[in-house]
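K.L.:
Provided herewith is a single structure, encoded as structure tokens, for subsequent inquiry.
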Amino acid sequence: MLRGSQVCSALQAGDACLWSGPLGHPLRSAHPAGALRPVGPQKIPFPFILVIMQKENRVLPRGHKTSQNYFKSDKLLEDYLHAHLPAQVLSEQSDALEQLGRLAAGVMNELSLTADKNGPKLRKRNYLGETINQIDFHPAYEELKAIAVHSGMFRLKWAPEFRERYAGQRHRLGFALGYLYAMSESGLYCPLCMTDGVALLIDKYASEEDKARLLPRIYTDEPKDFYTGAMFLTEKAGGSDVGANLVKASPLDNGYWSLEGEKWFCSNASAEIIFALARTGPLEKGTRGLGIFLLEPQRPDGSANNMDLIRLKDKLGTRSMASGEYLLQGSWAKLIGEEGQDFKIMTDMINLSRLYNSVAAISGLRRALIEAYQFATYRNTFGKELLEHALVRMKFWELGSIHQGQFYSCWKAISLLDQAEAGDATAKEWLRFLTPMIKKATAEQGVYVARESMELMGGLGYIEDGVMPKVMRDIMVLPIWEGAGNIMILDMLRASQKSKGLLLLLEFVYEQLKQRRGTDKLRADFALLKQKLSALAEAKDMDQIQLGAKQLFERLTDYFQWACISEQASLMQTNYQELALRYYEEERLLAQAYREQYLPSRAEIAGLLAWEF
């Protein structure tokens, strides 16, 4: 604020200014360059002031907003749950969803960043030189674990009073809470994933005594009583090829087995309930001769169970959670199921974990996307808001459409899991093929969307003070966990030969194509894809079969995602899906070089993203 003779030095060409009198009345409005050219100092009475109105030196303007509740902001999730869950069930869980949505948008952010920067530490020995293998976590990690327990994501699935009540919906309810949770903390979501997996195996295969002892530790609402789970599969010799595993199991006289050998990559190294693979007989080709064992850190008398924690892994991401290497030296364990069921039992846990992996991917994808969108809503560049730039809107069209494709296809699989659990044999056939497809697509596209979202934020997205680098580092592991992309292709190939899953998926896509108008070109292209798949089934050269499977299954994935969006557009009668369907049709499935592209408006992008804040 300038007074008197200072005015002349303040008047620069193009500055916006206002002269005001004693009562604030304007004497001159903003002037064009060169409109006022004083030849010397001008004497202005003391009460008169000059206000220079210049653009503030800020990244975002004052008053910019972000979401205060991820559940209330995410209309895609909220409307999906309203369309697919009974009103009474959703009413009973609405408080839990809203509370976790508020925590995920608030306190969990700071806790997650803190736990990420202050990861677990291994205390190998105590003061007296005794081996203790103790993992110490930052208090922020423990608070995040308490939030998970209090959310009820396991209680509603496994507590006896809720299992029957929510039969047919419990996976959708549990994953809805997990989706919100993982938007802020995906590191701890890995141990939560495996905890649900061990609960599944305990419930299906463990003795009644172990069920009564361990399941209450999982569905407890007291954080101090909560047990987490893990699966120790990976060894140095094989990695994903568990048929090459060497850890040996030998029977003991007390009903236990003794495990000997090294487990190379043990996520959630601090778990209280572990399922481990070990050989009950000689080394054989494939997974024959493997058994699945319930392993705990303490023996029944409370003594240590000879599990030597060699070190913790120094990982790129999910740094809040402990991953380690264990040397089993006569560790006592219980054989689960009958000898010879081995890996077939573990696949129950693996398939559930793959869906968890997919939920973590769409959750991380969503978080990255909305961080970029909230930023772009207020950011001004080159004289206009970022969302007014054509290339930016095209990028949000792409990313928002990918999100819908991944979101609806993942929730399709979760819905089928609820149906399969209720005894639907067709849903089980679906899942045999669909689970690896969804796992591969969500993980790979999650990484892509996170990277592109970071770029939309420019250099700010690359700074560790914010959440984007953590989201990027955490999501990078998802294409690797629970089987890398090539493993998923091979699994889909086996499923296409041993189940009806592929045929069911093809029928589903075709029905959606028939129901939607203007899909003649899509139907013709899809018919060609079916012909290629039929030819692949008759091929003999395994190398060419695998190469062809990757190309065709990835194309089929795009069609399946389109079909899932189309299905929800019909069921939900909302306007979120039309722009996404157009993207899949024009930019993905039928894209041609040198085509004239549609440019969505800013309002259309807002509708596509369905995020209110």
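The values are calculated or read from the model by the stated rules, or taken from the named source; none is laboratory data. Worth saying up front: this structure is predicted, and the values here are computed from it rather than measured. Here the Cβ is made from the backbone with ideal geometry for all residues, glycine too, and neighbour counts use every protein chain on show. When the accessible area is computed, the model is the full protein with side chains, heavy atoms only, and any ligands, DNA or RNA have been set aside. Shrake-Rupley method; radii C 1.70, N 1.55, O 1.52, S 1.80 Å.
K.L.:
Roll a 1.4 Å probe over the protein chains and send me the accessible area per residue for the stretch 229-339 in Å². Write out the running numbers ahead of the final one.
P.N.:
Numbers: 4600 Å² over 111 residues.
Result: 41 Å² of accessible area for each residue.
K.L.:
Whole-Hz Karplus ³J(HN,Hα) for the stretch 524-535, in order, using 6.51 cos²θ - 1.76 cosθ + 1.60 and θ = phi - 60°, x for Gly and Pro?
P.N.:
5, 5, 5, 4, 5, 4, 4, 4, 5, 5, 5, 5
K.L.:
On to the next question. Might you work out the accessible area of residue 270 for me, using a 1.4 Å probe with all protein chains in place, and round it to the nearest 10 Å²?
P.N.:
Accessible area of residue 270: about 40 Å².
K.L.:
Lysines near residue 313 by alpha-carbon distance under 28 Å, same-chain residues fewer than 8 away left out - which ones?
P.N.:
Partners within reach: 117, 121, 124, 145, 224, 236, 248, 263, 334, 439, 440, 470.
K.L.:
Would you mind getting the accessible area per residue of the stretch 70-225, heavy atoms of the protein chains only, 1.4 Å probe, in Å²? Mind showing how you got there, number by number?
P.N.:
Numbers: 6410 Å² over 156 residues.
Using a 1.4 Å probe on heavy atoms only, each residue of the stretch 70-225 averages 41 Å².
K.L.:
Test of the criteria: in the stretch 72-151, which chymotrypsin sites (Phe, Trp or Tyr not before Pro) are in a DSSP loop and have at most 12 other Cβ atoms within 10 angstrom of their Cβ? Before the final figure, lay out each step's value.
P.N.:
Details: sites: 80, 127, 137, 141; in loops: 127, 137.
Here the chymotrypsin sites (Phe, Trp or Tyr not before Pro) that fit, given the DSSP loop and packing criteria, are 127.
K.L.:
Right, another one. Among (i) 159; (ii) 213; (iii) 326, only one was calculated for this model; which label is it, if the read-out is volume of the Cα convex hull per residue in Å³?
P.N.:
(ii)
K.L.:
Which of the peptides 192-201, 501-510 is most tightly packed, and how do the rest follow, going by the mean number of other Cβ atoms within 10 Å of each residue?
P.N.:
On the way: 192-201: 24.2, 501-510: 18.4.
Order by mean packing, descending: 192-201, 501-510.
K.L.:
Summing Lys, Arg as +1 and Asp, Glu as -1, what charge do residues with Cβ under 13 Å from the Cβ of residue 570 carry, residue 570 excluded? Write down the numbers at each step before the final one.
P.N.:
Working: positive: 514, 516, 517; negative: 511, 567, 578.
Summing Lys/Arg as +1 and Asp/Glu as -1 gives 0.
K.L.:
Okay, next question. Compute the accessible area per residue over the stretch 365-519, keeping the other protein chains in place, probe 1.4 Å, unit Å². Working shown, then result.
P.N.:
Values: 5980 Å² over 155 residues.
Here the per-residue accessible area is 39 Å².
K.L.:
Next question. So how much accessible area does residue 429 have, in Å² to the nearest 10, using a 1.4 Å probe?
P.N.:
Taking all protein chains as shown, residue 429 has close to 60 Å².
K.L.:
Moving on to the next point. Ranked from the most accessible area to the least, with a 1.4 Å probe and all protein chains present, what is the order of 375, 613?
P.N.:
Details: 375 15, 613 65 Å².
The ranking, largest first, comes out as 613, 375.
K.L.:
Please determine, in degrees from 0 to 90 and to the nearest 10, the orientation of helix 425-456 with respect to the longest principal axis defined by the Cα atoms of the chain, where the helix direction is its Cα long axis.
P.N.:
Rounded to the nearest ten degrees, it is 40.
K.L.:
Accessible area, 1.4 Å probe, largest first: how do 157, 521 sort? Walk me through the numbers before you get to the answer.
P.N.:
Numbers: 157 5, 521 155 Å².
The ranking, largest first, comes out as 521, 157.
K.L.:
When a/c reaches 1.5 or more, the comparison of a/b and b/c decides; with that in mind, is the stretch 229-339 rounded, prolate or oblate per its Cα gyration tensor? If you can, show how the numbers build up before the last one.
P.N.:
On the way: a/c = 2.03, a/b = 1.18, b/c = 1.72.
It is oblate, given that a/c is not under 1.5 and a/b is not larger than b/c.
K.L.:
Another question, if that's okay. Please list 3J(HN,Hα) in residue order for the stretch 294-304, calculated via the Karplus relation 6.51 cos²θ - 1.76 cosθ + 1.60 where θ = phi - 60°; whole Hz, with x for glycine and proline.
P.N.:
Once rounded to whole Hz, the list reads 8, 10, 10, x, 10, 7, x, 7, x, 6, 5.
K.L.:
Can you pull the percent of the chain's accessible area that's carbon plus sulfur, 1.4 Å probe, other chains left in place? Display every interim value, and only then the final one.
P.N.:
Working: 14380 of 27870 Å².
Heavy-atom surface of the chain belonging to carbon and sulfur, 1.4 Å probe: 52 percent.
K.L.:
Is the C-alpha gyration tensor of the stretch 70-225 telling us rounded, prolate or oblate? Criteria: a/c under 1.5 is rounded; beyond that, a/b larger than b/c is prolate, otherwise oblate. Walk me through the numbers before you get to the answer.
P.N.:
On the way: a/c = 2.85, a/b = 1.33, b/c = 2.14.
Because a/c hits 1.5 or more and a/b fails to exceed b/c, the stretch 70-225 counts as oblate.
K.L.:
Quote the charge dipole size of the chain about the Cα centre in Debye, to the nearest 20; the model charges only the Cβ of Lys and Arg (+1) and of Asp and Glu (-1). Present the calculation step by step, with values, prior to reporting the outcome.
P.N.:
Values: 73 positive and 74 negative charges, 362 e Å.
So the dipole magnitude of the chain works out to roughly 1740 debye.
K.L.:
Right, next: Where does each of 526, 162 land when they are ordered by accessible area, with a 1.4 Å probe and the largest first? Numbers along the way, then the final one.
P.N.:
Working: 526 0, 162 60 Å².
Putting 526, 162 in descending order of accessible area: 162, 526.
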